[in-house]
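Just below is one structure, and these are the notes that go with it.
Each reported figure results from applying straightforward, stated rules to the coordinates on display, with no laboratory input. Not measured: the values here are computed from a predicted model. Here the Cβ is made from the backbone with ideal geometry for all residues, glycine too, and neighbour counts use every protein chain on show.
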Amino acid sequence: MNYAHLKEELIEYSKTIGIDKLGITTADPFLSLKDRLIAQQENNFASGFEHSNIDERVDPRLSVQQARTIISIAVAYPSKLKNPPKSLPGKRRGFFSRSSWGVDYHDVLNERLKKLEAFLEARCGPEAMMRMVDTGALSDRAVAERAGVGWSAKNTFIITEEFGSYVFLGNLITTIPFPVDKPLEDLCGSCTKCIDACPTGAIVEPGVLNAQVCLSYQTQTKGFMADEFRSKIGNHLYGWDTCQLVCPYNKKIPQPAHKEMEPDPEKVKPLLLPLLSLSNKEFKREFGHMAGSWRGKKPIQRNAIIALAHYKDQTALPKLVELMHDDPRPVIRGTAAWAIGKIGDSKKEENELLIAKKREEDQEVLEEIDKGLTLLGFAVEK
Ligand code: SF4
């Protein structure tokens, strides 16, 4: 079998099924990654969403014993919203990050990797292969870097020369001895725009992220959001794009034409207030196809409440009062109480908070009610 020729055929085929870039690397362990992952854990910089076994994360042969190569694919996603609906007083809107636009990229890339798998099996016979998109053992970014898909940038994304960092990545571990690609030169140079622009200093040094303080991570947690982050997330319901938006390599890039990735403006910039009344079923129907729904309804609704507080949207007060009194979830009751304090300016809101304080039994919610009262200027007795 001529594997160089097979690789050329594979690349040509990949273009016909909506893969924008493909590189191949060996299945050798990612040795330098291991030290970085250990340091990440020791410094408590990990998000906790990562695959937990470091050995499996760095050694592809722990996933596929006879692995010879890893195919890395990149699918570009759009960064510009056509005709975005306006966020107006009384009709304020939230925002989903670009990685959540269109159909969940896990599904899109998995389907494309499946096609590559079928293509290779048709030519090589049954092969041991394994697909990974984001949630697999391997680091998609480490694979893409070594496979020459892009360089590993200071903002911790992979930057491709063609599409900037707005690419989703996936891998296919194979037992096929393809010729491999070379890593690309790191073109960040002396630029530090992403580091300087990060509102929480989450990029602690070039290429090192403290995920715990990254606003993207913060939008995905399920508990109470710390006050320092509430004041920063603005209208973001899911994810955070600043470190990509400021990158010079993300300017003047083509907008890809994958129809699955096309954002529905009403979904990626939804009205905030209706989000607070969605049942689980309605949430799934409206947002379940988006990557940003993976943590469920609660973090999105919590963030929507914080966004309404950010806008000081007085029209939200009746709904927030209802949530504070009646919602079964402490995070929603407490965040609503805090938001009432941020938005309210009358005795009426103070009375509602005092009623809630009498009834509430959850300690964390009680603390949020006190915060709300303090914001309204009420002297809270400790
Ligand atoms: Fe690299 Fe500058 Fe882009 Fe950051 S903003 S990733 S330093 S080029």
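Note on region 106-174: Kirkwood hydrodynamic radius from all Cα pairs is 12.9 Å, rounded to one decimal. For region 312-382, the tally of Lys pairs with Cα-Cα distances below 21 Å comes to 26, considering only residues 8 or more apart or on different chains.
Plugging the Kirkwood radius over Cα pairs into Stokes-Einstein for region 312-382, at a temperature of 10 °C and a viscosity of 1.306 mPa s, what D comes out in µm²/s?
Roughly 139 µm²/s, to the nearest whole number.
Mean sequence separation of contacting Cα pairs (under 8 Å, at least six apart), scaled by the length of region 226-381, corresponds to a relative contact order of 21 percent. Among the trypsin sites (Lys or Arg not before Pro) found in region 242-310, those both in a DSSP coil and sparsely packed, with 10 or fewer other Cβ atoms within 10 Å of their Cβ, are 251, 252.
A simple count of charges around residue 178, restricted to other residues whose Cβ falls under 15 Å of its Cβ and scoring Lys, Arg +1 and Asp, Glu -1, yields -3. Sorted ascending by nearby beta carbons within 10 Å, beginning with the fewest, 338, 294, 101, 151 become 294, 151, 101, 338. Per-residue Karplus couplings for region 227-236, computed as 6.51 cos²θ - 1.76 cosθ + 1.60 with θ equal to phi - 60°, are listed in order as 3, 4, 8, 4, 6, 10, 6, x, 9, 7 Hz, Gly and Pro entered as x. Each Lys or Arg adds one and each Asp or Glu takes one away; over the other residues whose Cβ falls under 12 Å from the Cβ of residue 351, this sums to +1.
Remark: relative contact order (the chain) = 19 percent; criterion is Cα-Cα distance under 8 angstrom and separation of 6 or more residues.
Note on the chain: antiparallel DSSP beta bridges, both residues inside, total approximately 90 percent of the bridges counted. The equivalent ellipsoid of the chain has semi-axes of 44, 21, 19 Å, largest first, where each one is the square root of 5 times an eigenvalue of the Cα gyration tensor.
So what's the back-of-envelope 222 nm ellipticity for the chain, counting only DSSP H runs of four-plus at -39500 (n - 2.57) apiece and dividing by all residues, rounded to 500? Mean residue ellipticity at 222 nm (helix-derived): -12000 deg cm²/dmol.
Mean separation of Cα pairs under 8 Å and 6 or more residues apart, divided by the residue count, gives region 312-382 a relative contact order of 33 percent.
Here the 3J(HN,Hα) profile of region 125-132, calculated from phi with Karplus coefficients 6.51, -1.76 and 1.60 at θ = phi - 60°, is x, x, 10, 7, 9, 9, 8, 9 Hz, Gly and Pro shown as x. Converting phi to 3J(HN,Hα) with the Karplus coefficients 6.51, -1.76 and 1.60 and the offset θ = phi - 60°, region 155-162 yields 7, 6, 8, 8, 9, 9, 5, 7 Hz in sequence order, with x at every glycine or proline.
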